[in-house]
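> I'd like to ask some things about the structure below.
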Amino acid sequence: MPITLHSGGCLCGGVRYVVNGPLRDVVVCHCSRCRKTHGHVAAYTACAAKDLELVDEATLRWYEADGRARGFCTACGASLFWQAIERSTVSIAAGTLDEPTGLKTVAQIYTGEPGDYYTDLGEGTIHPEGLPDPL
Ligand SMILES: [Zn+2]
Ligand SMILES: [Zn+2]
């Protein structure tokens with residue numbers, strides 16, 4: 001029987017998932033794709049795709065563009081997942097995890113192209129050792 005380490009879901013509960021494996025620590029992404037998807041910067045953890053088990057997915061749909069698929073809830077509009085087509089990992093929006101997550105934010109990426117409505121990225125919060133292991 002697999003050990004469920006983490007669980008989560010969207011705002012309305014239409015999408016529920018469990019993660020049967022380790023999660024990467026959280027990366028905050030400033031790219032325009034994430035901003036368009038989430039309404040602002042996005043915070044993602046990630047797991048091996050095989051470890052993501054969708055428990056409830058009746059309202060889950062995938063939007064594909066630029067070789068990436070983004071999973072969202074058609075009922076409440078929550079953005080939950082993204083996955084590069086050729087990658088064996090899936091990213092999970094950190095805010096959709098049930099707490100306690102046990103995770104911490106370790107890096108910010110695409111800091112060179114933030115939205116023009118904010119400028120203070122918090123000097124010194126960019127992880128000095130670069131990106132964590134992508135799993
Ligand atoms: Zn929902
Ligand atoms: Zn991004």
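The values are calculated or read from the model by the stated rules, or taken from the named source; none is laboratory data. Not measured: the values here are computed from a predicted model. Here the Cβ positions follow ideal geometry from the backbone for every residue, glycine too, while neighbour counts run over all protein chains shown. Only protein heavy atoms, including side chains, enter the accessible area calculation; ligands, DNA and RNA are left aside. Shrake-Rupley method; radii C 1.70, N 1.55, O 1.52, S 1.80 Å.
> Helix-derived [θ] at 222 nm for the chain: sum -39500 (n - 2.57) over DSSP H runs of at least 4, divide by residue count, nearest 500?
Calculated at 222 nm, the ellipticity per residue is -1500 deg cm²/dmol.
> Considering the chain as a Gaussian network with a 10 Å cut-off on Cα pairs, which listed residue, Val90, Val55, Val26, attains the greatest mean-square fluctuation?
Comparing Val90, Val55, Val26 in a Gaussian network model of the chain, the most mobile one is Val55.
> Evaluate the distance, in nm, between pseudo-label points positioned 7 Å from the Cα of Tyr118 and of Cys31 along their respective Cα→Cβ axes.
Those two pseudo-labels are separated by 1.8 nm.
> From Cα coordinates alone, what are the radius of gyration and Dmax values for the chain in angstrom?
Radius of gyration, then largest Cα-Cα span, for the chain: 14.7, 49 Å.
> Using label points projected 7 Å from each Cα along Cα→Cβ, tell me how many nm separate Ala69 and Thr105, to one decimal.
With each label point 7 Å from Cα toward Cβ, the separation is 2.9 nm.
> Identify the GluC sites (Glu not before Pro) of the range 23-120 meeting these criteria: DSSP loop state and at most 13 other C-beta atoms within 10 Å of the C-beta. Walk me through the intermediate numbers first.
Numbers: sites: Glu53, Glu57, Glu64, Glu86; in loops: Glu86.
Qualifying residues, ordered by number: Glu86.
> Under a 10 Å cutoff between Cα atoms, tell me which one of Ala75, Ala65, Ala43 has the largest fluctuation in the Gaussian network model of the chain.
Maximum fluctuation in the GNM of the chain, among the listed residues, is at Ala65.
> A follow-up question, please. What percentage of the solvent-accessible surface of the chain, computed with a 1.4 Å probe over protein heavy atoms, is contributed by carbon and sulfur atoms?
Working: 4060 of 7740 Å².
In the chain, the share of accessible area belonging to carbon and sulfur is 52 percent.
> If the elastic network links every pair of Cα atoms under 10 Å, which of Leu11, Leu23, Leu97 fluctuates the most in the Gaussian network model of the chain?
Result for the chain, Cα springs under 10 Å: Leu11 fluctuates most.
> Rounded if a/c is under 1.5, else prolate if a/b is larger than b/c, else oblate: which is the range 1-65, with a ≥ b ≥ c the root eigenvalues of its Cα gyration tensor?
oblate
> Rounded to the nearest 10 Å², what accessible area does His30 have for a 1.4 Å probe in the complete protein model?
Roughly 10 Å² of His30 is accessible to a 1.4 Å probe.
> Using 0.36 nm per residue of separation minus the Cα-Cα distance, give me the extension gain between Ala49 and Ser88 in nm, one decimal. Provide the component values of the computation, followed by the final result.
Working: separation 39, 0.36 × 39 = 14.04 nm, distance 0.56 nm.
Difference between extended and current length: 13.5 nm.
> Here is a further query. Which value, in Å², gives the accessible area per residue of the range 1-102 when a 1.4 Å probe is used on the protein heavy atoms?
51
> Provide the solvent-accessible area of Tyr118, counting protein heavy atoms only and rolling a 1.4 Å probe, rounded to the nearest 10 Å².
Counting only protein heavy atoms, the figure is 40 Å².
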